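Here is the structure we will look at, set down as structure tokens.
The values are calculated or read from the model by the stated rules, or taken from the named source; none is laboratory data. Everything quoted here is computed from the prediction, not taken from an experiment. When we count neighbours, we look across all protein chains shown, and the Cβ atoms used for this are built from the backbone with ideal geometry, even at glycine.
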Amino acid sequence: MKGTQVLLSVSGWSQAQGDETPDPVRLLTTGTLTGQPDAWRIDYTETQPGEHDAHDVVVKMQKGVVTMERKGAYATSMVFEKGRRFEGSYHTPYGALDMGIFATQVKYAVDEQKTGEVNLKYQLDLQGQFAAMHELRIRFCPSQKA
């Protein structure tokens, strides 16, 4: 799959009920952007500080819907469509958890230079119980060749 090599900044926060301070997350990585004006795809590998495992992530953007698939020890597939609820599973080394997502914001844009961003806000439920409110922002631009 030939695409544009991009530098990605993935940032977000989650805030559980009663928490005073959001829990921030930030990741800088590289990936590949493929697609055309009405359908885009970003492939990248995610690693967390202190973890040795890498997780392949695929983000697809099409017709106002963003899907995110994460492979590895903590695998999941999520669908974000504003005002709609998605139900799926969150797989862990200890077993699978039922997961629900209700998106309150789903925005994305990619310009002619292949620079863009994805902005998501959503409520996450695990095992039928509210877990947290989440915000996720993925910014990307073509990486410079050495």
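Scanning the stretch 38-58 for residues that are more than 19 Å from SER77 (Cβ to Cβ) and at pLDDT 85 or above yields one hit, ASP38. With respect to the conditions (1) over 15 Å from the mean Cα position of the chain (by Cα); (2) at negative phi; (3) surrounded by 13 or more Cβ atoms within 10 Å (Cβ to Cβ); (4) outside any strand (DSSP E or B), LYS114 falls short on a single one, namely (2).
When ALA109, ALA96 are screened for being assigned to a strand (DSSP E or B), of a type outside the set (D, E, K, R) and loosely packed, with under 12 Cβ neighbours inside 10 Å, only ALA109 passes. The set of residues from the stretch 61-82 being in a strand (DSSP E or B) and either touching a residue at least 40 places away in the same chain (Cβ under 8 Å) or surrounded by fewer than 17 Cβ atoms within 10 Å (Cβ to Cβ) (or both) comprises MET61, GLN62, VAL65, VAL66, THR67, GLU69, SER77, PHE80. What do you reckon, is GLY88 in contact with a strand residue (DSSP E or B) (Cβ under 6 Å, 6 or more places away or on another chain), of a type outside the set (A, V, I, L, M, F, W, C), assigned to a strand (DSSP E or B) and more than 16 Å from SER11 (Cα to Cα)? So GLY88 passes the test. Just one residue in the set GLN105, GLN123, GLN129, GLN113 is touching a strand residue (DSSP E or B) at 6+ places or on another chain (Cβ under 8 Å) and modelled with pLDDT under 95; that residue is GLN113.
Conditions (1) hydrophobic (A, V, I, L, M, F, W, C); (2) in contact with a strand residue (DSSP E or B) (Cβ under 6 Å, 6 or more places away or on another chain), marked per residue:
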position	(1), (2)
ARG26	no, yes
GLY31	no, yes
THR34	no, yes
ARG41	no, yes
HIS52	no, no
MET61	yes, yes
GLY64	no, no
